[in-house]
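First the structure, in the form of structure tokens, and then the observations on it.
FYI, it's all coordinate maths here, none of it is from the lab. Keep in mind it's a predicted model, so treat the numbers as computed, not measured. With ideal geometry, Cβ positions are generated from the backbone for all residues, glycine too; neighbour counts draw on all protein chains shown.
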Amino acid sequence: MIAAGGSVGAGGLGAWMSRALAKGDLGTVPGVNRLDGTATVDGKPARVGTPVGLGQRVATGPGSQAVIVVGQDAFLMRSDTVIVTREKAGVLAGLLVSTGKVLSVFSKKPVAITAAYATIGIRGTGCYLEVESDSVYFCLCYGEALVEGPGMEDKLVKTTHHEQPLLLSEGAGIMRADPGKFRNHSDAELIMLEALVGREPPFVRNGTYPAGKY
């Protein structure tokens, strides 16, 4: 259980996630771990327990939300989101986010995330992405990332607790990385995802949660 300067808030969690956090009962079902609404895996309807392997395409439907566990990595997909994992030597090495909103936690290995015109190289981090028609929102929740895009100097980002959200946009073949505001994800969700793969976020120390939570 997580102790805190205050209790861990739901912060946008679905009711079933809030209950699971409160009970300390998250379960360890691989693949589709939780599902509220509808989702598909490689175009076929999914349910809790549906396996998700490397290289497969996962999509959530309107008004839906899914938690996906693939090996030592976990994802919280909002509605109308499409992701495809990519593998190298049998482990997850890449993530394509075609559209939508996804919160991800990764074990300590190099992973290349592709979102529209942006490529983001990470290692053992938590991050949140929103891919929209005219921009990509990226929050490195903790860890280190290298953000790359056409015509832009590579940008190294290091955070411990959501310090540098970015709004990525492209015009005339050049990508920009502008400061953004924190939005649409929570520490409670990161705690939940990391717990599913046997870890704690680095902002949690020995079960103690900092007072300045998101």
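Computed values, structure above
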quantity	calculated
Residue tally, condition free of Cβ contacts under 8 Å to residues at least 12 places away in the same chain and of a type in the set (S, T, N, Q), over the range 147-172	0
Residue among 58, 97, 52, 69 that is surrounded by 22 or more Cβ atoms within 10 Å (Cβ to Cβ) and either of a type outside the set (A, V, I, L, M) or under 20 Å from residue 142 (Cβ atoms) (or both)	97
Selection from the range 168-198 of residues that are surrounded by 14 or more Cβ atoms within 10 Å (Cβ to Cβ) and among the β-branched types (Val, Ile, Thr)	191, 197
Residues of the range 102-146 satisfying the condition of being of a type in the set (Asp, Glu) and either in contact (Cβ under 8 Å) with a residue 60 or more places away in the chain or surrounded by fewer than 19 Cβ atoms within 10 Å (Cβ to Cβ) (or both)	132, 134, 144
Subset of the range 44-78 [among the small types (Gly, Ala, Ser) and farther than 14 Å from residue 195 by Cα]	46, 49, 53, 55, 59, 61, 63, 64, 66
